[in-house]
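Notes to accompany the following structure.
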Amino acid sequence: FLFLAVVTSVSLILIYIRFREKGLLARSAWLENTVRDKTAELLKKRDEIDGMKTRFFTNISHEFRTPLTLINSAADELIDENEPGKRAGRISTIKRSSGRLLTLVNELLDLARMESGTLVLKAEQVDITSEIRLIWQNYISDADRRKIELGFESVPGTISGWFDKEIINKIMQNLISNALKFTPENGKVQVSLAEEECAGRRAQGAGEEKPCIKIEVSDTGKGIPQEELPRIFERFYRVRNSDTPETEGTGIGLAIVDELVKRHYGSVRVESRLGEGTKFT
Ligand code: ADP
């Protein structure tokens with residue numbers, strides 16, 4: 001009996017060890033596979049980021065080159081130009097192009113400030129209706145030049161609250177200039193402002209419950225393909241298609257918008273239909 005008991009116990013132990021061993025082997029194979037998959041995923045992501053960086057440097061160089069070339073040749077022509085009308089034209093080219101360069105450099109600095117966490121919210125009591133109207137007004141002549149109707153609508157009266165004017169300006173400038181850039185002649189860009197219930201969110205107001213403020217920039221432009229929508233707020237990401245040259249734009253604008261809106265305790269979303277238009281809220 002003793003012998004039988006020993007044999008059974010030993011067999012049971014052996015069976016258990018085999019079983020454990022099998023389990024461990026399966027687990028180690030699974031771990032190996034997971035590590036392999038994750039590594040492949042990381043390498044793919046790294047290649048993607050490398051590609052985006054290269055494209056970004058190429059794009060940014062082109063973005064610098066165009067206005068610099070314009071400034072350079074306008075300055076050359078200015079040297080020999082005596083007619084006041086023509087001089088004024090050259091000077092305004094220089095002014096416009098250097099303004100573009102300044103915006104670009106400021107965007108890059110904003111990005112760096114966000115990265116290092118040194119961007120702070122400087123809120124003050126602001127009438128947001130007139131603030132947005134002022135920003136909108138700055139784009140009227142640009143829209144006229146492009147033969148685009150630029151509309152503005154808001155609730156009657158004023159809406160006041162705590163805002164960082166500089167941040168609101170940057171968000172709106174990016175959205176309105178994108179809308180104008182991607183909308184063809186005879187199209188329409190609309191800026192609208194409304195109050196709405198803060199569904200699930202609380203407006204950052206002291207004391208009493210305040211409604212949330214909804215700002216929309218919509219256009220009747222070329223739209224964004226559905227599958228690209230989740231990525232357009234990524235840094236350096238640009239929708240690639242046949243009718244915009246690879247080297248136009250930098251893909252920073254919307255990444256800045258997304259970050260600034262979050263800093264301002266808000267959220268931004270986009271809806272778009274290819275060939276019909278886009279709405280940023
Ligand atoms: P950039 O305009 O410099 O390329 P953005 O970050 O501002 O960079 O925009 C990212 C991409 O999103 C753009 O390349 C463009 O394809 C797309 N996009 C942004 N706004 C609009 C719009 N209003 N209509 C159509 N496409 C848009």
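If only residues of segment 239-253 that are near the ligand (Cβ under 7 Å from one of its atoms) and either under 14 Å from Lys222 (Cα atoms) or modelled with pLDDT of 80 or more (or both) are counted, the one that is surrounded by the fewest Cβ atoms within 10 Å (Cβ to Cβ) is Thr244. When segment 53-71 is examined, which residues are found to be of a type in the set (A, V, I, L, M) and crowded, with 16+ Cβ neighbours inside 10 Å? Passing the criteria: Ile60, Leu70, Ile71. For segment 192-213, the condition holds for no residue, the condition being that it is in contact with a Phe, Trp or Tyr (Cβ under 9 Å, 6 or more places away or on another chain), within 9 Å of the ligand (Cβ to nearest atom) and either closer than 23 Å to Glu259 by Cβ or modelled with pLDDT of 95 or more (or both). Among residues of segment 134-176 being surrounded by fewer than 17 Cβ atoms within 10 Å (Cβ to Cβ) and of a type in the set (Ser, Thr, Tyr), the one that is nearest to the ligand (Cβ to nearest atom) is Ser141.
Closer than 30 Å to Gln173 by Cβ and touching a Lys or Arg at 6+ places or on another chain (Cβ under 9 Å): which single residue out of Leu70, Leu101 fits that description? Give the steps one after another, and end with the answer.
Details: Leu101 fails: touching a Lys or Arg at 6+ places or on another chain (Cβ under 9 Å).
Being closer than 30 Å to Gln173 by Cβ and touching a Lys or Arg at 6+ places or on another chain (Cβ under 9 Å) holds for just one of Leu70, Leu101, which is Leu70.
Among the residues examined, Asn33 does not qualify as outside any helix (DSSP H, G or I) and more than 30 Å from Lys262 (Cα to Cα).
Residues being at pLDDT 65 or above, over 16 Å from the mean Cα position of the chain (by Cα) and either closer than 19 Å to Ile132 by Cα or more than 16 Å from the ligand (Cβ to nearest atom) (or both) are represented in segment 219-231 by at least one member.
Residue-by-condition table, conditions (1) of a type in the set (Ser, Thr, Tyr); (2) assigned to a helix (DSSP H, G or I); (3) in contact with an Asp or Glu (Cβ under 7 Å, 6 or more places away or on another chain); (4) over 30 Å from Leu175 (Cβ atoms):
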| site | (1), (2), (3), (4) |
| --- | --- |
| Arg46 | no, yes, no, yes |
| Ile49 | no, yes, no, no |
| Phe56 | no, yes, no, no |
| Ile60 | no, yes, no, no |
| Glu77 | no, yes, no, yes |
| Arg90 | no, yes, yes, yes |
| Glu107 | no, yes, no, no |
| Glu115 | no, yes, no, no |
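Being closer than 26 Å to Gly249 by Cβ and loosely packed, with under 14 Cβ neighbours inside 10 Å narrows it down to one residue among Glu107, Glu83, Glu115, Glu124; which is it? Every option except Glu115 fails the conditions. When segment 53-67 is filtered for residues that are over 18 Å from Leu102 (Cβ atoms) and at pLDDT 80 or above, the ones remaining, listed by number, are Lys53, Thr54, Phe57, Thr58.
The values are calculated or read from the model by the stated rules, or taken from the named source; none is laboratory data. If you're wondering where the values come from, they're calculated on a predicted model, not measured in any experiment. Glycine also receives a Cβ, built like all others from the backbone with ideal geometry; neighbour counts cover every protein chain displayed.
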